[in-house]
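Notes follow the structure.
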Amino acid sequence: MRTTVTLDEELVQELVKVSNAKTKTAAVALAVKEQIRRAKLKKLADLLGTVDIDEEAIREGEKADLRRAQWLEDMVGENRQ
């Protein structure tokens, strides 16, 4: 998509330099992607501490995992005999 924007030439030159991009377009695209990535990370960080954890469900899941592991061990043992 073509978009016309007016950018400070010194900033663009610095961006090209620090990003090691081959073109101004590549540098700007990289900067836009990085800004989007940072915004998403901030949203994710804002969720810290807001998720309720059901500890009982975790314990039940761990017990179920242990039962499955034991079942698999029993199956392997039966196949060896």
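Since every read-out is calculated from the coordinates, none of them should be taken as a lab result. Because the structure is a prediction, the values reported are computed rather than measured. Here Cβ is always computed from backbone atoms with ideal geometry, including for glycine, and neighbour counts include all displayed protein chains.
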Local electrostatic count, residue 27, Cβ distance below 12 Å [Lys/Arg +1, Asp/Glu -1]: +2
For segment 10-54, one quarter of the surface area of the C-alpha convex hull, expressed in nm², comes to 4.1
Unsatisfied cross-links (Cα-Cα over 31 Å) in the set 33/63; 17/43; 17/42; 22/42: 33/63
Gaussian network model of the chain, springs between alpha carbon atoms under 10 Å - residue of 14, 62, 34 with greatest fluctuation: 62
Positive-end residue of 7, 48, 72, charge dipole of the chain with Cβ unit charges: 7
Within segment 1-16, the residues whose backbone N lies under 17 Å from a label point placed 7 Å from the Cα of residue 36 along the Cα-to-Cβ direction are 1-4
Show that you can apply the helix-only estimate: for the chain, add -39,500 (n - 2.57) for every DSSP H stretch of four or more residues, divide by all residues, and state [θ] at 222 nm to the nearest 500. -25500 deg cm²/dmol
Test item: Cα-centred dipole of the chain, Lys/Arg +1 and Asp/Glu -1 on Cβ, debye: 680
Estimate the FRET efficiency between residue 47 and residue 74 by the formula 1/(1 + (r/R0)^6), using the beta-carbon distance for r and 35 Å for R0, to the nearest 0.05. 0.30
Over the chain - Rg/Rh using Cα atoms and the Kirkwood inverse-distance radius: 1.45
